[in-house]
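Single-structure report; data block below.
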Amino acid sequence: MTFSWLMRPVSAAPLVVFRVLFGGMMLASIGRFAAKGWITELYVAPRVFFPYYGFEWVKPAGAVGMPVVFGLMALGALGILLGAWYRWSAGLFFLTFTYVELLDKSNYLNHYYFVSVVAFLLIWVPANAQFSLDARRQPGRWRATVPQWAGLLLRTQLGLVYFFAGVAKLNPDWLLEAMPLRLWLPAHTDLPLIGPLFDQLWVAYAFSWFGALYDLTIPFFLSARRTRAWAYATVVVFHVLTAVLFQIGMFPYIMLVSTLLFFPASFHEKVLAVARRLLGRPAGPRAAPVAAVPAAASPWLVGALGLWLLVQVLVPWRFVLYPGPLFWTEQGYRFSWRVMLMEKSGTAFFYVRDPRTGHETEIRNRDYLTVTQEKQVATQPDMLLQFAHLLRDDYRRRGMPAPQVRAEVYVTLNGRSSRLLINPDLDLASQREGFGPKTWILPLEQ
């Protein structure tokens, strides 16, 4: 197979509009992050950090270095927005943004992962084909068309996010118990007009079932010309409502912008025409004739696209390799587009024992952890293990040769009564982290 359809020329306008909007949103997000003091609060002030397994070598850059990192990130976002030294800018943004996200899993959010994924893809797609400083500086770079695979790659990635978010909702807690929405919605009864409805149980069920149906079908409705306008109106209502009801940062706005990729090229060309008039910019050179028969796709391109798609499809399913309910063990939970599916809280008590004397010391968690870290450690087994190892290493430095660490961790999940997450007599200091099942997690239903 030549896969020549991947190389079929299509309008560059959708990619260009997405590049501008994405770069602008990222630049605004970085400014917001800095203005709220989160650089210091999240990446300078904490005493300890919780890196991802295999990335323990990624360390924060300190009080001086972290603002510099965010400055470089902003520079990359500005370069994406303007299409200036575009691929270098996209690479700079991807590296700095992903570096920050690898520093501490306490701050993990699905849309941060989505931003890293999109930033990586932008490095490879020709989104600076027009309406860019690159094309202005070097008119020979201007292109009216781009290969079809470029836009298809981003739309497919977005469709996978929605699809897996929908599949994740096909679980008994969400569909049969309306959890956790039946816990969250009553907190918003003070909203005008619609607020009183949130006290009604049927509304929680309606939101749950509609949310699952929406995620599973919206990419297909957006892809069809006859349903696209209505589908996007649903996108707007859905994400505006989630932004009002739930504090989930930039995610609703990122999805509002991203789903515009499903609109036809004519829509994006009109957007660019309006932008050019407002900026007093010429329309660009005349488009070169389009080849009647597109060239065959390179085997390297086909292989790279196939590998990327395979990884994006398989990673969200890795949870099936682990025993026990996913929401309880959280093994395979991250990087799988599971958005707002559980209300989980816990309380953790840690104890360090000196085996020489038998003396046991209860740890004051706040001496080590921030408020956010303490909350995450009390519910996520991998972070719980990391903290135990941090305590072990700290007490070794204090002169205790073989400290033992145990924890009593009580967790409530989606309205269930509080119960033990792990064996309270287990020496966590002796447990190893890895990709294998954490057999020391107690069953949810005992």
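The values are calculated or read from the model by the stated rules, or taken from the named source; none is laboratory data. On a predicted model such as this, the values are computed, not experimentally measured, just so you know. In this analysis, Cβ positions are derived from the backbone assuming ideal geometry, glycine residues included, and neighbour counts consider all displayed protein chains. Each accessible area value is taken on the protein alone, full model and side chains, heavy atoms only, with ligands, DNA and RNA left out. Shrake-Rupley method; radii C 1.70, N 1.55, O 1.52, S 1.80 Å.
Among the helices (runs of 4 or more DSSP H) confined wholly to the range 117-181, which include 1 or more residues that are more than 25 Å from MET73 (Cβ to Cβ) and among the basic types (Lys, Arg)? Before the answer, list the steps.
Working: elements: 133-137, 148-168, 172-176.
It comes to 148-168.
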**Prompt:** Under the condition of being loosely packed, with under 12 Cβ neighbours inside 10 Å and within 24 Å of SER132 (Cβ to Cβ), which residue from the range 284-297 is modelled with the highest pLDDT?
**Reply:** ARG286
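Every residue, every condition in (1) in contact with a strand residue (DSSP E or B) (Cβ under 9 Å, 6 or more places away or on another chain); (2) assigned by TED's automatic domain parsing to the domain that holds LEU109; (3) open to solvent by less than 30 Å² (accessible area, probe 1.4 Å); (4) at pLDDT below 95, yes or no:
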{"residue": "MET383", "(1), (2), (3), (4)": "no, no, yes, no"}
{"residue": "HIS389", "(1), (2), (3), (4)": "yes, no, no, no"}
{"residue": "VAL409", "(1), (2), (3), (4)": "yes, no, yes, no"}
{"residue": "LEU413", "(1), (2), (3), (4)": "yes, no, yes, no"}
{"residue": "ARG416", "(1), (2), (3), (4)": "no, no, no, yes"}
**Complete:** Of the residues in the range 298-329, those that are open to solvent by less than 30 Å² (accessible area, probe 1.4 Å) and either under 30 Å from ASP393 (Cα atoms) or touching a Gly at 6+ places or on another chain (Cβ under 9 Å) (or both) come to PRO316, LEU326, PHE327, TRP328, THR329
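Given the criteria in contact with a helix residue (DSSP H, G or I) (Cβ under 6 Å, 6 or more places away or on another chain) and either open to solvent by 50 Å² or more (accessible area, probe 1.4 Å) or free of Cβ contacts under 8 Å to residues at least 24 places away in the same chain (or both), does ARG155 qualify?
On the way: in contact with a helix residue (DSSP H, G or I) (Cβ under 6 Å, 6 or more places away or on another chain): yes; either open to solvent by 50 Å² or more (accessible area, probe 1.4 Å) or free of Cβ contacts under 8 Å to residues at least 24 places away in the same chain (or both): yes.
Here the answer is yes, as ARG155 does meet what is asked.
Hey, any hits in the range 384-391 for a residue that's closer than 30 Å to TYR322 by Cα and assigned to a loop (DSSP other than H, G, I, E, B)? Before you say what the answer is, go through the steps one by one.
We begin by selecting, within the range 384-391, every residue closer than 30 Å to TYR322 by Cα; these are 384-391.
Checking the rest, the ones that are also assigned to a loop (DSSP other than H, G, I, E, B) come to none.
The answer is no; no qualifying residue exists.
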**Prompt:** Pick from the range 1-49 the residues that are hydroxyl-bearing (Ser, Thr, Tyr) and within 20 Å of the chain's Cα centre (by Cα): which of them is modelled with the lowest pLDDT?
**Reply:** SER29
**Asked** Which condition number does GLY62 fail, the rest of (1) over 22 Å from the mean Cα position of the chain (by Cα); (2) over 30 Å from ARG137 (Cα atoms); (3) crowded, with 16+ Cβ neighbours inside 10 Å being met?
**Response** (3)
**Complete:** Selection from the range 28-59 of residues aliphatic (A, V, I, L, M), part of a loop (DSSP other than H, G, I, E, B) and surrounded by 14 or more Cβ atoms within 10 Å (Cβ to Cβ) yields VAL44, VAL48, VAL58
